[in-house]
Amino acid sequence: MRDFPPCFANFQTSPKWVLRKIMSLFTPISNERYYTIVVNQIKGLIDSGKLKDGEMLPSEMELANEMNTSRNTVREALLILDFMGYVATKKGKGTFVTAPAARPESKPNLAAVFDDMVKQDSGLLKEFLDLHALLSGSAAELAAITATEDDLREIRENLAREKAPSAQNEYAQPFHQSVARATKNSILEELISSVAIITNRVSFQSVDSSGGQYSDQSFSEHQQIFKAIEERDPDRARELMRGHISAVQHRIFEEK
């Protein structure tokens, strides 16, 4: 599990006036802008000291409303900021600004690099989706070998949250992240996180336009993957995960 700065130990939920103060710092952006704008805005507020170590950010929905963008865009931005070390999500509490000392300044923003590549050459989208299938398949295979009881519990909890129809889009990514985390390979986890940003953005459109059909199908596929991991069957876990990402890829291009 991830360690959090000592300041979180006795952290109490910020009063509403503090959240209002923090929310007033954000500037609305147009819906067409990518999550990189959200990343840069929050990162700039943290670097300038307007958002300080230990402060809790508003919820995804509050940030989306304040910045005039979608919740999915905010979620992707927070994933990248977490990867960069600017924020940390404490389960059941919220997302907090992290101490500069704990931040690896040299860590590249792979998700932004990958996204720029796809924007410059849309033909690379399929190649990134193929890469996602290979990486995630390897992660599921390794997780079936290395996952601890705590790892299985985390995957199971994300799967349970995903069961609610209204939450399926929201918890698909945490499911995949918890599988990657169970591998105990931080490089593999970071690569999957960076590539998944691209998959998530395009797959949300297919899911939303399917009337729930694709969400139900993805949830069923996630259940089968977890069962294989839980039963310590690496070969089956790998093939199921690859098949799942390939199915997502098919839905995306079917939609296009």
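The values are calculated or read from the model by the stated rules, or taken from the named source; none is laboratory data. As the structure is a computational prediction, the values presented were derived from the model and not from experiment. Note that we place each Cβ from the backbone using ideal geometry, even for glycine, and neighbour counts take in every protein chain shown. When the accessible area is computed, the model is the full protein with side chains, heavy atoms only, and any ligands, DNA or RNA have been set aside. Shrake-Rupley method; radii C 1.70, N 1.55, O 1.52, S 1.80 Å.
In table form, for the structure just shown:
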item	result
Distance (nanometres) between label positions extended 7 Å along Cα→Cβ at VAL113 and SER70	2.6
Environment charge of LEU78, counting only residues whose C-beta is closer than 11 Å and scoring Lys/Arg +1, Asp/Glu -1	-1
Pairwise label distance in nanometres, GLU231 with LYS184, each label 7 Å out on the Cα-Cβ vector	2.4
Spin-label pair GLU157/LEU124, simplified geometry with 7 Å Cα→Cβ offset, distance in nm	3.6
Carbon and sulfur %, accessible surface of the range 31-76 computed with the full protein complex present, 1.4 Å	43
Kirkwood-based shape ratio for the range 44-158, expressed as Rg/Rh from alpha carbons	1.01
